[in-house]
Structures are given as C-alpha cells and as structure tokens.
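Q: This is the structure, below, for whatever I ask next.
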C-alpha cells in the first residue's frame, strides 16, 4: 500500500484477516458488471461489528476510501474497487442471529444469503420471499433495495427490512428500526440506508420480516403468439385483482436460450408467461381458472401446470438462471442488462417500444420481466474489446430510459445505480441530487464510503 502507516495499522489490527496479495485483491475488484476491475490496496475480512468499526475509524483518519463487498453479484458497478482504497469483505459475517417464528421475523448478519436463510427456515413454517436471480447476500440485497420474482405479492427489500445494524463513516455502530410492525418514532433511518449501496455506511446486520409458507403452491406456464399478447395478459391479471405470487415473462429469444440451458421440456420458442399461486387449495383453483381464461382470451396456448415440487423448482430455477444462461452463450463476453420499471398500465407500451428499438438497432436482446410489477430487463452480449458494440447498446439503453421516464417509470427497479446508471439518475432525480449529496456529506464528510457510486 502506498500509505505504509495505514498498512501497518490495518495489519496490526486484523493480522491474517488483512490480505495484500494481488490474487485476493483481484477476486474482490468487481461484481457481475460491465466494468474493468480496479484492485483495492487491501482486502479485509472482519468477523464482528467491532472489527468493522475499528477498520472504518482507521480509514476515516487517513481519508481512505472503503468498498463493502458481499457475494459480488452487483450488476451496476456498486462493488467495483477504488484505487488507493480498501475493500471490506463481509463473508465472515454469515450467522443467523435469531429467528422469531411467532412474530414472523429474524435477524441475520450481512453475508447470510437468501438460500442459506430459507434452508435454515424450511422446517419452521416460514420463509423469506425476496428472490433476485443470484443467490445474493442479504446485506447486499438491502444495500441495493433488491427484489425479484415475488415482489408482486411480497414486496421488495424496502418492504421486508424492519431494521439494520450499520457502521457509519465515523466508526459508530448504530441500530435502526424495530421488531414491531409499526412505529412513528422519528425519522425512518432504516429506509435511508436501504438502497444506499454502501455510500452512507456499511450494513452488517439485517432484521427481516418473514412470511408463512402457503398451504398450497401451484405453478404453470402459458405461451403466446406475440410478446404484446403475453404482457397484456399479465396486465389484465393484475388489474383484475388476482392475488398472484409471481408472474414472469420471457420473450422468444430468452426462451430459445433457456430451453437449451435449463433443459426445459415440451415448450416452444414463443413468448411465455410463468405463473405461481400461493394460498389455499380452493382459492388457488379459483384464481387459476380466471388466469387460464384471461390467457386464452389473448390467444394463450399450452397452459401447463407443474404437477410436482420437482417440476415447479425446475421451472423457477430456469427463470433464476436467465442472466447466466445468456452469459454462457459465448466466452469472453460481457452482459449489459437494463432494468426499467413502469406503472403496470404503461407496461405494454414500454415493452412494445423496447421491441421496436431492439429491431431498429439490430440487436439480439433476450428479455425477461417481473411483469406483475411493471419491471423488465433486456440482456445483451457484447465484446468488451469492441467499443462500438457497447456504444450501440448504450444508445438503445438511453432511448429505453427516456421512454420509461416519459411513462412515469424509473431508471432502475431493483439493480441499483452504482457507477453504470449515474447519468440516468440525473435524468430521473436532477432536482433531488443536491439533497442526496447533502445527506452524504453530513454522514460521510471525508467521502470514504464507496465514493463515486450513485453520484459523483
């Protein structure tokens, strides 16, 4: 490290939990994003809130930047390293601290993943419903305000995070929120940190609301002649008031890839909706009948139900593998993903616009969508050595962002801003950014907490 005094202080504090090796620094230099890695000067592996606090105090004294690092699944550059800075990996913070089944809540350390938590809860009658495609850490999910396929019924991380433990830029350890379902006591500091992407403090523990495991879970697929027909069906299902747990869309390009990658059987290369219902057996049957009728009215066909837990898991595993299925198409490529979200009444128009622009730009763009909540993604491969390929995709993305904002939408439904969407954030929240910067300055006067992310 260039600052030998800082180096000595960190090594003296953390011992072998402070790594200066190039290979380790390289492993913690970026997430699943489009950016070249930037190696930090050191990677530290704390095991307690107190160790994080002492690291932060040292870095704050030296005005050294810090990047928090979870599982490394960020898509927007939130975890890219910083030259002359350090990275704090939270991988040793992986304990489930407490569960309260009667109150439907739990507290976990930041590196506990959604799959780890649900495996722990599987015999307790409750589960954690927020499910982004990656097996992300729950601290990282809170940092980016992640969601996933079941947001239409269970909400997003903002809905289920009731409290946090955060280490601030001064090294202070604070606890926000409460276990109770409602409180009017002061500012909502929990939601201030959820979605802040490590720019205001390091989330080390997360208090989460859980949901009861439904009596009956039923999944199905239905295929459509056009993408517009599929999306219109999803829109009508939501507007009809059907309490569906998740409704996901895959366009023809993505179905072609997923059929091969995830070994989906007896499905055609057509726009497809995946459905899942959570409830009682009787209520599910009633809702299924309505959904099937709505699908048929829009020329839906091959309405097929997953008959077993194995079939259902295979279906949703394929949905969660979408990003990696695209990435696996070619070696030495990068993947650019969009993440717009619009009101459900505007979803058909937005997706139709995306389809038309994809054709105009001559792009191959597999598309998936959490169409129950108006959020969809286009996923595009490009050669990182060909700047013109990236520029073409970025031009398409610019147009899609402008259309989403025109339709009262947002630049990012669940991936966050990171580095990648900073210019888009200005488009959406130009008038609010000075206030955001003021909050950042107050909480982090030396600008050590993941600087350069969200805004400059």
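Taken together, the values in this text are just the output of simple stated rules run on the coordinates, not laboratory data. Computed from a prediction, not measured in an experiment: that's the story for all the values here. Neighbour counts are summed over all protein chains in view; Cβ atoms, including those assigned to glycine, are modelled from backbone coordinates with ideal geometry.
Q: Return 131, 431 ranked ascending by Cβ neighbour count within 10 Å, so the fewest neighbours appear first.
A: Values: 131 24, 431 7.
Going from sparsest to densest Cβ surroundings: 431, 131.
Q: So what is the relative contact order of the chain, in percent, for Cα pairs below 8 Å that sit 6 or more residues apart?
A: Result for the chain is 16 percent.
Q: Taking 7 Å along the Cα-to-C-beta vector as the label spot, tell me the residue 215-residue 4 distance in nanometres, rounded to one decimal.
A: 7.2 nm
Q: Send over the Kirkwood Rh of the chain, from the inverse of the averaged 1/r over different Cα pairs, rounded to one decimal Å.
A: For the chain, the Kirkwood estimate is 22.9 Å.
Q: By counting other Cβ atoms within 10 Å of each Cβ, how are 401, 242, 333 ranked from fewest to most?
A: So the ranking, lowest neighbour count to highest, is 333, 242, 401.
Q: If you don't mind, another one. Please compute one quarter of the surface area of the Cα convex hull for region 96-212 and express it in square nanometres.
A: The Cα convex hull of region 96-212, projected and averaged over all directions, gives 7.0 nm².
Q: I'd like the FRET efficiency for residue 302 and residue 181, computed as 1/(1 + (r/R0)^6) with the beta carbon distance as r and R0 of 56 Å, rounded to 0.05.
A: Details: r = 42 Å, r/R0 = 0.75.
Once the sixth-power term is evaluated, E becomes 0.85.
Q: Binning at 5 angstrom from zero up to the longest distance, how are the C-alpha pair distances of region 230-336 distributed in percent?
A: 2, 11, 21, 22, 19, 13, 7, 3, 1, 0
Q: To continue, here is another question. In degrees from 0 to 90, rounded to the nearest 10, what is the angle of the helix 387-406 Cα long axis to the longest principal axis of the chain?
A: The angle comes out near 70 degrees.
Q: Then there's this: Any idea how far apart residue 311 and residue 103 come out in nm if each label point goes 7 Å out from Cα toward Cβ?
A: That separation, rounded to one decimal, is 4.1 nm.
Q: In addition: With N denoting the number of residues in region 4-91, provide Rg(C-alpha) divided by 2.2 N^0.38 Å, to two decimal places.
A: Expressed relative to 2.2 N^0.38 Å, the Cα Rg reads 1.01.
Q: Follow-up. Fewest Cβ neighbours within 10 Å first, please rank 323, 240, 390 accordingly. The partial results should precede the final answer.
A: Values: 323 20, 240 12, 390 17.
Ranked by crowding around the Cβ, least crowded first: 240, 390, 323.
Q: Hey, rough spin-label estimate for residue 192 and residue 283, points 7 angstrom out along Cα→Cβ, what's it come to in nanometres?
A: The two pseudo-label positions are separated by 3.7 nm.
Q: Rounded to the nearest 500, what is the 222 nm mean residue ellipticity of the chain from helices alone, with -39500 (n - 2.57) per DSSP H run of 4+ residues and division by all residues?
A: -11000 deg cm²/dmol
Q: Which angle between 0 and 90 degrees, to the nearest 10, do you get for helix 49-62 versus the longest principal axis of the chain when only C-alpha atoms count?
A: Helix 49-62 and the main axis of the chain meet at about 60 degrees.
Q: Subtracting the Cα-Cα distance from 0.36 nm times the residue separation, let me have the gained length for residue 240 to residue 62 in nm, one decimal.
A: 58.3 nm
Q: Let me ask something else. With only alpha-carbon atoms counted, please give the Rg and Dmax of region 56-140, in Å.
A: Just the Cα atoms of region 56-140 yield Rg and Dmax of 15.6, 48 Å.
Q: To the nearest 0.05, what FRET efficiency results for residue 122 and residue 408 with a Förster distance of 35 Å applied to their C-beta separation?
A: Using R0 = 35 Å, I get an efficiency of 0.30.
Q: Nearest 10 degrees, 0 to 90: what angle lies between the long axis of helix 252-261 and the longest principal axis of the chain (Cα atoms)?
A: Value to nearest ten degrees: 70.
Q: Expected output is a single nm value to one decimal: the length gained when fully extending between residue 391 and residue 324, i.e. 0.36 nm times separation in residues minus the C-alpha distance. What is it?
A: My answer for the length gained is 21.9 nm.
Q: Want the number for residue 356 to residue 226: 0.36 nm per residue separation, take away the alpha-carbon distance, what's left?
A: Working: separation 130, 0.36 × 130 = 46.80 nm, distance 1.30 nm.
That works out to 45.5 nm of additional length.
Q: Under 11 Å from a point 7 Å along the Cα-to-Cβ line of residue 268: which residues of region 223-243 have their amide N that close?
A: 223-226, by backbone N distance to the label point.
Q: Can you tell me the convex hull volume per residue for region 324-447, based on C-alpha atoms, in Å³ to the nearest whole number?
A: Enclosed volume per residue, from the Cα hull, is 134 Å³.
Q: Normalised by the number of residues in region 276-403, what is the relative contact order in percent for Cα pairs under 8 Å and 6+ residues apart?
A: 23 percent.
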